[in-house]
1. Return yes or no: is Phe45 among the aromatic types (Phe, Trp, Tyr), closer than 15 Å to Leu165 by Cβ and touching a residue at least 24 places away in the same chain (Cβ under 8 Å)?
2. So is Ala185 surrounded by 15 or more Cβ atoms within 10 Å (Cβ to Cβ) and either within 14 Å of the chain's Cα centre (by Cα) or among the charged types (D, E, K, R) (or both) or not?
3. Let me confirm something: among Arg132, Arg104, which residue is basic (Lys, Arg), farther than 17 Å from Leu172 by Cα and touching a residue at least 40 places away in the same chain (Cβ under 8 Å)?
4. Report the residue count in region 204-230 for those that are part of a helix (DSSP H, G or I) and over 23 Å from Tyr171 (Cβ atoms).
5. What residue, among those in region 93-138 that are of a type in the set (Gly, Ala, Ser) and farther than 27 Å from Asp8 by Cβ, is most open to solvent (accessible area, probe 1.4 Å)?
6. Which pairs do you get when a residue that is more than 14 Å from Phe29 (Cβ to Cβ) and of a type in the set (A, V, I, L, M, F, W, C), found in region 109-126, comes within reach of a residue that is open to solvent by less than 80 Å² (accessible area, probe 1.4 Å) and assigned to a helix (DSSP H, G or I), reach meaning Cβ atoms under 8 angstrom, with the pair 6+ apart or on two chains?
7. For region 212-235, does any single residue satisfy the condition of being open to solvent by less than 50 Å² (accessible area, probe 1.4 Å) and within 18 Å of Leu119 (Cα to Cα)?
8. Given region 44-90, what strands (runs of 3 or more DSSP E) lie entirely inside it while holding 2 or more residues that are open to solvent by less than 60 Å² (accessible area, probe 1.4 Å) and under 17 Å from Thr129 (Cα atoms)?
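The values are calculated or read from the model by the stated rules, or taken from the named source; none is laboratory data. Please read these numbers as outputs of a predicted model, since none were measured by experiment. Note: ideal-geometry Cβ built from the backbone for every residue, glycine included; neighbour counts use all protein chains shown. Accessible surface areas use protein heavy atoms only, side chains included; no ligands, DNA or RNA. Shrake-Rupley method; radii C 1.70, N 1.55, O 1.52, S 1.80 Å.
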Amino acid sequence: MRITIDADWTATVTGEPLSVTPRFAFRDFLVYIAPYPDVKERERFQLDTFGSQDWLWDTPDELRFDPAGRELVGAEFHMAAVVADAEDGARVPTAPPVRPGGLRADEARDFRLEVTTELCRAPADAVLTCLRDLDVLDEPLQARIGIAPDVALLVQHGTIVGWSLTDPVKYLTTAFAAPDPAPPAPATRLLFTECLDLVTAPLFDEVSNRNPAALARLRALDRRLRGQHEDRHRVEALTVLIADLMENYGNG
């Protein structure tokens, strides 16, 4: 299969997905699928590869390719902050199934991959699906390309129209740290859903407008996070963002 990105830039699907474990940096709403451990190594990685990347005030999603073999070697995705209505979320197709695969650029030059705009949440947030727009739901998907463990690109009419992350709680972390290899605690899964409710529209708008009920919910969640003693690596990943909200809105 050949897919098109940014009007005329194309890549061919290969049989080799990335083996890198995804890292879901919740504070930044970013999913990293790359080997770099810090900002300095990330900059070096970008210099040594080509594709879509951030530049000055432009922050597209990223697919990075090795110049020698033109194979996909890393990716970064911004999670959309606007949550689709439950009715639209229920329309996310379950077919076709994910097929593991990588990408090989048809030519070695840069391009731009637009960020998604709509977040569709499966029940219990078992899967997060980020779409280019809700028009994607009006037609079937052509393919799901599993470019890394639990990460898939969604393809429609030969174009990338979104991406998905299965079991996002499993990959929660802070910045570039590796996720905890142990399974998530059930309590962490519940806290993740509550946090995601608060940091995405429309509930986030209530928090930023200092709605008393929303602020009470924020403060109660902050207390529960700080009182959760198991699965601390993942809980800390949630706490840092909620702490920012508390500093800006919750202590007034």
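1. On the way: among the aromatic types (Phe, Trp, Tyr): yes; closer than 15 Å to Leu165 by Cβ: no; touching a residue at least 24 places away in the same chain (Cβ under 8 Å): yes.
Answer is no for this residue.
2. On the way: surrounded by 15 or more Cβ atoms within 10 Å (Cβ to Cβ): yes; either within 14 Å of the chain's Cα centre (by Cα) or among the charged types (D, E, K, R) (or both): no.
Considered against the rule, which asks whether it is surrounded by 15 or more Cβ atoms within 10 Å (Cβ to Cβ) and either within 14 Å of the chain's Cα centre (by Cα) or among the charged types (D, E, K, R) (or both), Ala185 comes out as no.
3. The conditions single out Arg104.
4. First, the residues of region 204-230 that are part of a helix (DSSP H, G or I): 204-208, 212-227.
With over 23 Å from Tyr171 (Cβ atoms) added as a condition, the list becomes 205-208, 212-220, 223, 227.
Of the residues in region 204-230, 15 are part of a helix (DSSP H, G or I) and over 23 Å from Tyr171 (Cβ atoms).
5. Narrowing region 93-138 to residues of a type in the set (Gly, Ala, Ser): 95, 101-102, 105, 108, 122, 124, 126.
In the following step, the residues that additionally are farther than 27 Å from Asp8 by Cβ were identified as 95, 122, 124, 126.
Values: Ala95: 58, Ala122: 32, Ala124: 92, Ala126: 51 Å².
My answer is Ala124.
6. Listed pairs, sorted by first residue: Cys120/Asp88; Cys120/Gly89; Ala122/Gly89; Ala124/Thr193.
7. Keep residues of region 212-235 that are open to solvent by less than 50 Å² (accessible area, probe 1.4 Å), which gives 214-215, 218, 220-222, 225, 227-228, 231, 234-235.
Next cut, within 18 Å of Leu119 (Cα to Cα) only: none.
No, because not a single residue in region 212-235 is open to solvent by less than 50 Å² (accessible area, probe 1.4 Å) and within 18 Å of Leu119 (Cα to Cα).
8. Numbers: elements: 50-52, 62-65, 72-78.
Filter on region 44-90 gives 72-78.
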